[in-house]
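Colleague: Quick one: this structure, given as structure tokens, is what I'll be asking you about.
Readers should treat all values here as calculations from the given coordinates under stated rules, not as data from a laboratory. Predicted model, so just to flag it, every value in this text is computed and none were measured. Heads up, the Cβs are rebuilt from the backbone with ideal geometry, glycines too, and the neighbour counts pull from every protein chain shown.
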2 protein chains.
Amino acid sequence: MTTEVSTTRSSTKAERVRQAVLADIVSGALPAGAPLDEVVLAGQHAVSRTPVREALRRLQSDGLLEPGPRRQLLVVDVSPARRREVTTLRVALEGAAAVHACTTRDDDDLDRLELLVLKQRRAADAGDAETFLRLDEEFHLALAGAARMPTLSRMLAQLGAFVRLGRLGEVTTATHLRGLVREHEELLALLRSRAADDLRARLATHIEQTAPRT
Amino acid sequence: MTTEVSTTRSSTKAERVRQAVLADIVSGALPAGAPLDEVVLAGQHAVSRTPVREALRRLQSDGLLEPGPRRQLLVVDVSPARRREVTTLRVALEGAAAVHACTTRDDDDLDRLELLVLKQRRAADAGDAETFLRLDEEFHLALAGAARMPTLSRMLAQLGAFVRLGRLGEVTTATHLRGLVREHEELLALLRSRAADDLRARLATHIEQTAPRT
DNA sequence: AGTCAGTCGAATGTATACAAGTGTTCGTCA
DNA sequence: TGACGAACACTTGTATACATTCGACTGACT
């Protein structure tokens, strides 16, 4: 039994709506500043206001929606400053996780990460940026997961939406992707040898280089 | 206009219920593992299930409630390991904020912090631990706030509940409190002189010493 | 003509009624 | 007597109807 975190069975309508709206936000279909109307969304998804409401409240508490004028919920604007903040937070959180993971990590953790890197290489060779980005996020979450710090993992998962948002119009060549795979391999090697400080340093530069330049 | 973050006007019933349940959790009235029933809470607070439901979902997404057997929501158990995790996270997040704050801080920030330290001294001299702990949390949030990193501030605010939970049965003498005030004064001085690295180091030891020993 | 007040409207906040799923218990059959 | 199954009760998920609040528009008065 692996993580199965992202394969969340959306047994509940509220959760399905949340996933759908989230997807629309990170895909750019709902741009920054777009107002979200409960009744409109309810109509679009053929459900009542109740599950829509629940979905919106959760997205709000994740920081993706903010209250605006006229009592509306607006899609948050991810400014360059905010992107830098997210990068800083990732460095701080993933760095702390990486250090801890060097003492708590498990052979299963290594196996999982190895598998992810393998899939990443395939996606990179195929030039499939979308798949690669999903695997990249999984890799970073799995790396943090090896630290057995559930609160930290939850915070990183929250940041994930902002990371995806920041990467919206990013252009990524196959060569570039292969370079990232290589870095992941190196990070994995450092985790395997429990080189905590080296891992943290390397992870920091990796995250900062991955982040959009601006 | 200052922060007014904590003085959240509870204009909505859902928010009032949330505050009440949160207070019951951090006060120990609702111990770890206690199941929360929507209809019972609705009765206790003389509201319908709808706002109760909303309050519970928010507390859940803050990590204070977890789904348990029988489809129930249970108050999360704060184990020693989790307390250590929270401390690690505070060091990572507040440390990053402190470094950043050394370049973004404002004279108003210093004034706010100064005022908080002043009030802390009064509370410490009076041996009023409860007031002091509230001011302590405000101080740390204000310090992080000087970094102008809203996402980080929100994450720290979430952690606040765990910090308060971890401090539940803590005994604090007036002498101990005065020592903490002294440390806050020193942190403030380092922020004032923009000594980023020193501030981060000092803040780390401060947080680790504040945390329960276990 | 500008400003203030009152009313109207559209959104969210709340209550309640209904549906659906799950655990439990009781009964029956092997 | 034990195990399997079906019915029931309790809880949460959803829908809808009602209340409330805040903003905007319009009207009159200064």
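Colleague: Kindly indicate whether A:ASP125 is away from chain B (no Cβ under 13 Å) and not hydrophobic (A, V, I, L, M, F, W, C).
Modeller: Working: away from chain B (no Cβ under 13 Å): yes; not hydrophobic (A, V, I, L, M, F, W, C): yes.
Spelling it out, A:ASP125 is indeed away from chain B (no Cβ under 13 Å) and not hydrophobic (A, V, I, L, M, F, W, C).
Colleague: Looking at segment B:74-110 only, could you name the residues that are within 13 Å of chain A (Cβ to nearest Cβ), surrounded by fewer than 17 Cβ atoms within 10 Å (Cβ to Cβ) and either closer than 13 Å to B:HIS140 by Cα or charged (D, E, K, R) (or both)? Break it down into steps so the answer makes sense when it comes.
Modeller: Pass one, segment B:74-110, residues within 13 Å of chain A (Cβ to nearest Cβ): B:76-79, B:81-101, B:103-104.
With the extra rule that they be surrounded by fewer than 17 Cβ atoms within 10 Å (Cβ to Cβ), the set shrinks to B:77, B:79, B:81, B:103-104.
Correct list: B:ASP77 only.
Colleague: Name the residue that is farthest from DNA strand C (Cβ to nearest atom), counting only residues in segment A:44-58 that are out of contact with any Ser or Thr (no Cβ under 9 Å at 6 or more places or on another chain) and of a type in the set (Val, Ile, Thr).
Modeller: A:VAL47
Colleague: Among residues belonging to segment A:162-214 that are within 16 Å of A:ARG105 (Cα to Cα) and among the basic types (Lys, Arg), point out the one that is surrounded by the most Cβ atoms within 10 Å (Cβ to Cβ).
Modeller: Per the stated criteria, the residue is A:ARG200.
Colleague: Looking only at residues in segment A:182-214 that are over 16 Å from the mean Cα position of the chain (by Cα) and of a type in the set (Ser, Thr, Tyr), which one is farthest from A:LEU168 (Cα to Cα)?
Modeller: A:SER193
Colleague: Then there's this: Quick check on segment A:45-62. Is at least one of its residues more than 16 Å from DNA strand D (Cβ to nearest atom), touching a residue at least 24 places away in the same chain (Cβ under 8 Å) and within 12 Å of chain B (Cβ to nearest Cβ)?
Modeller: For segment A:45-62, residues more than 16 Å from DNA strand D (Cβ to nearest atom), touching a residue at least 24 places away in the same chain (Cβ under 8 Å) and within 12 Å of chain B (Cβ to nearest Cβ): present.
For (1) within 13 Å of DNA strand C (Cβ to nearest atom); (2) more than 22 Å from A:VAL86 (Cα to Cα); (3) in contact with a Lys or Arg (Cβ under 7 Å, 6 or more places away or on another chain), each residue gets a yes or a no:
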{"position": "A:ASP24", "(1), (2), (3)": "no, no, no"}
{"position": "A:GLY28", "(1), (2), (3)": "no, no, no"}
{"position": "A:ALA42", "(1), (2), (3)": "yes, yes, yes"}
{"position": "A:GLN60", "(1), (2), (3)": "yes, no, no"}
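Colleague: Which of the residues that make up segment A:112-125 are in contact (Cβ under 8 Å) with a residue 12 or more places away in the chain and either over 30 Å from B:LEU65 (Cα atoms) or not charged (D, E, K, R) (or both)? Reasoning before the result, please.
Modeller: Step one: filter segment A:112-125 for residues in contact (Cβ under 8 Å) with a residue 12 or more places away in the chain, giving A:112-114, A:116-117, A:119-121, A:123-125.
Those that are in contact (Cβ under 8 Å) with a residue 12 or more places away in the chain and either over 30 Å from B:LEU65 (Cα atoms) or not charged (D, E, K, R) (or both): A:LEU113, A:GLU114, A:LEU116, A:VAL117, A:LYS119, A:GLN120, A:ARG121, A:ALA123, A:ALA124, A:ASP125.
So that you can scan it fast, the table gives a plain yes or no per residue for (1) more than 14 Å from chain A (Cβ to nearest Cβ); (2) in contact with a Ser or Thr (Cβ under 8 Å, 6 or more places away or on another chain); (3) farther than 26 Å from A:THR151 by Cβ; (4) free of Cβ contacts under 8 Å to residues at least 60 places away in the same chain:
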position: B:LEU141; (1), (2), (3), (4): yes, yes, no, no
position: B:THR151; (1), (2), (3), (4): no, no, no, yes
position: B:VAL163; (1), (2), (3), (4): no, no, no, no
position: B:ARG167; (1), (2), (3), (4): yes, no, no, yes
position: B:ALA174; (1), (2), (3), (4): yes, no, yes, yes
position: B:GLU183; (1), (2), (3), (4): yes, no, no, yes
position: B:ARG192; (1), (2), (3), (4): yes, no, yes, no
position: B:LEU199; (1), (2), (3), (4): yes, no, no, no
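Colleague: Here's something else I'd like to know. I need every pair where a residue in segment A:67-84 that is over 26 Å from A:GLY169 (Cα atoms) has its Cβ under 9 Å from the Cβ of a residue that is within 10 Å of DNA strand D (Cβ to nearest atom) and assigned to a strand (DSSP E or B), sequence separation at least 6 or different chains.
Modeller: That search, which allows pairs on different chains as well, returns nothing.
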